[in-house]
Amino acid sequence: METQQIVDLCKQHTMYTWSATSKVNPLPIERAEGVYIYTTDGRKILDFNSQLMSVNIGHSHPKVRDAMKKQLDKLLYVFPGTATEERARLGKKLAEIVPGDINTFFFTLGGAEANENAIRAARLFTGKQKIITRYRSYHGGTNATMQLTGDPRRWANEPGMPGIVRVMDPQPYDYSFGDDDETRTKNNLTYLEEVIQYEGADNIAAMFIETVTGTNGILPPPKGYLEGLRALLDRHGILLVCDEVMCGFGRTGKLFAFEHGNIVPDILCMAKGLTSSYIPLGAMGVSDRIADHFRENVFWGGLTYNSHALALATAEAVIDVLIGEGMVENAARLEGTMRSEMDRLQAKHPSMKGGRAIGLFGMIDVQKDASGAPLAPYNGTHPAMQKLSKFFIDEGLFTFVRWSSFMCNPPLCITEEQLLEGYAIIDRGLDITDDAFEG
């Protein structure tokens, strides 16, 4: 097909996520390799967001493609009540690489389903119904996970599943619990304990967190927060669920983000980097005491594609590449380059408020004036941000521009040279927002 025909047919016969179809301008993609995607008209674009923060090992890795092809000739699908070598091997591998006593896994088709089943597992295990979540969170697009979600995508999906109690993050949107990590942690946990008192710990099954908040800010937890939260929830008999759909599998410079806090959650949810998005797969991992409960009590959940053989074989190959080729270490090493580039750009461009990075998980914020006010309003946009988004694509950089910020989340196989290539484009693009800076 010609490029325009592809675009027209996609818009005529398919729907796009979080969009009115007539308003989308989709990129026509033909192929992808390494850290680059290629359009049908021959343009080469640096993937600076790993698509949806998910293609962690880079595109079209030959070892994974070979494993998938081999699996195609072996076993594709059997119903979830079977035992397969693929299921046995991946379950064992995950038990070996996930820290602590998370040794048992329920396989899904993605992160939202993993979180859905974590809600179910927490309620069945504890016999309690309420779930605490945070406002600067995103946990998935299904009915239940939309209610776990705090960001504005939830609004159009309400009312939904009852029993959700939302609380402020350690770093709220437009104010702070304190200027230093110790104060922020102490004040937020004091506030959280008061909410638990109001809601009744005997009614609360679990608290869900993105270990590092993703699309709503790329917000690493302040020092001491994870340890303090773990202790607080333990004191009140509340399970901790870490959603690492986005921040897991090396993205933060450790295999799992909760390792930065020296804790282990009761339930771990994962997807995206689990297969590097080569094929859909998610997983809910549970601690031994929860797994033991469901050895004697029914887990009232089921999915047609639970433990899909092709997906499990893909995940095993992806994990081998991620660990075997040192990509987690590469993410940790290049954090310094990412931070130094952000510092350089902030010093040069008055419109750049600042940037954050943990591993290769980064975001840059844009301000409208010296007060630090965001260029675009909460859940809104600004002509300069729209122009910036178009500039990035035109100059060969793919990333997401959202409100007054944009993402810096390349595949974990990226080289320093390629990373600097991306920041050179960003450097030129920030001239656009500088023109909109008031002052």
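The values are calculated or read from the model by the stated rules, or taken from the named source; none is laboratory data. Since the model is a prediction, treat every value here as computed from it, not as a measurement. Neighbour counts are summed over all protein chains in view; Cβ atoms, including those assigned to glycine, are modelled from backbone coordinates with ideal geometry.
Things worth noting here:
- Qualifying positions in region 267-296 - among the β-branched types (Val, Ile, Thr) and not in a loop (DSSP other than H, G, I, E, B): Ile267, Val286, Ile290
- The single residue among Val35, Val24 that is among the hydrophobic types (A, V, I, L, M, F, W, C) and touching a residue at least 60 places away in the same chain (Cβ under 8 Å) turns out to be Val35.
- Condition broken by Ser137, with the remaining ones in (1) over 17 Å from Lys272 (Cβ atoms); (2) polar (S, T, N, Q); (3) outside any helix (DSSP H, G or I) satisfied: (1)
- Positions within region 203-240 being β-branched (Val, Ile, Thr), out of contact with any Asp or Glu (no Cβ under 7 Å at 6 or more places or on another chain) and assigned to a loop (DSSP other than H, G, I, E, B), in sequence order: Val212, Thr215, Ile218, Ile238
- Among the residues here, Tyr77 does not qualify as under 25 Å from the mean Cα position of the chain (by Cα), among the aromatic types (Phe, Trp, Tyr) and modelled with pLDDT of 95 or more.
- You will find that of Ala384, Ala376, Ala347, the residue that is without any contact (Cβ under 8 Å) to a residue 40 or more places away in the chain, under 28 Å from Gly439 (Cα atoms), in a helix (DSSP H, G or I) and hydrophobic (A, V, I, L, M, F, W, C) is Ala347 and no other.
- Condition check for Asn187: among the polar types (S, T, N, Q), modelled with pLDDT under 95 and not assigned by TED's automatic domain parsing to the domain that holds Gly362: no
For every residue, the table says whether it meets (1) farther than 24 Å from Thr108 by Cα; (2) among the acidic types (Asp, Glu).
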{"position": "Asp202", "(1), (2)": "yes, yes"}
{"position": "Ile218", "(1), (2)": "yes, no"}
{"position": "Val241", "(1), (2)": "no, no"}
{"position": "Lys254", "(1), (2)": "no, no"}
{"position": "Ala257", "(1), (2)": "no, no"}
{"position": "Ile267", "(1), (2)": "no, no"}
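- Test result for Ala357, out of contact with any His (no Cβ under 7 Å at 6 or more places or on another chain) and in a helix (DSSP H, G or I): no
- Restricting attention to region 183-238, the residues being of a type outside the set (A, V, I, L, M) and either farther than 26 Å from Arg251 by Cβ or free of Cβ contacts under 8 Å to residues at least 40 places away in the same chain (or both) number 20.
- In region 61-103, of all residues being among the polar types (S, T, N, Q) and surrounded by 12 or more Cβ atoms within 10 Å (Cβ to Cβ), the one that is farthest from Ile319 (Cα to Cα) corresponds to Thr84.
- First in region 416-432 and assigned by TED's automatic domain parsing to the domain that holds Lys387, second anywhere and surrounded by 21 or more Cβ atoms within 10 Å (Cβ to Cβ) and among the β-branched types (Val, Ile, Thr), Cβ under 8 Å, 6 or more apart: Gln418/Val35; Ile426/Ile364; Leu430/Val366
- Candidates are the residues of region 321-344 that are within 30 Å of Gly439 (Cβ to Cβ) and of a type in the set (D, E, K, R); the one that is surrounded by the most Cβ atoms within 10 Å (Cβ to Cβ) is Glu341.
- Candidates Ile209, Ile204, Ile218, filtered to the one that is more than 27 Å from Met407 (Cβ to Cβ) and surrounded by 14 or more Cβ atoms within 10 Å (Cβ to Cβ): Ile204
- Out of Tyr36, Tyr16, one residue alone is surrounded by 11 or more Cβ atoms within 10 Å (Cβ to Cβ), out of contact with any strand residue (DSSP E or B) (no Cβ under 9 Å at 6 or more places or on another chain), farther than 22 Å from Glu316 by Cβ and not assigned by TED's automatic domain parsing to the domain that holds Tyr278. It is Tyr16.
- Residues in region 43-60 that are among the aliphatic types (A, V, I, L, M) and either on the phi > 0 side of the Ramachandran plot or assigned to a helix (DSSP H, G or I) (or both): Leu52, Met53.
- Set side by side, the residues Leu52, Leu9, Leu46 differ, and just one is over 22 Å from the mean Cα position of the chain (by Cα) and either surrounded by fewer than 16 Cβ atoms within 10 Å (Cβ to Cβ) or assigned by TED's automatic domain parsing to the domain that holds Phe392 (or both), which is Leu9.
- Residue in region 418-436 that is in a loop (DSSP other than H, G, I, E, B) and either within 27 Å of Thr252 (Cα to Cα) or out of contact with any Gly (no Cβ under 7 Å at 6 or more places or on another chain) (or both) present: no
- Positions within region 140-169 being touching an Asp or Glu at 6+ places or on another chain (Cβ under 9 Å) and outside any helix (DSSP H, G or I), in sequence order: Gly140, Thr142, Gly150, Val165
- Screening region 105-135 for residues that are among the basic types (Lys, Arg) and either surrounded by fewer than 21 Cβ atoms within 10 Å (Cβ to Cβ) or more than 20 Å from the chain's Cα centre (by Cα) (or both) and picking the one that is farthest from Ile204 (Cα to Cα) gives Arg120.
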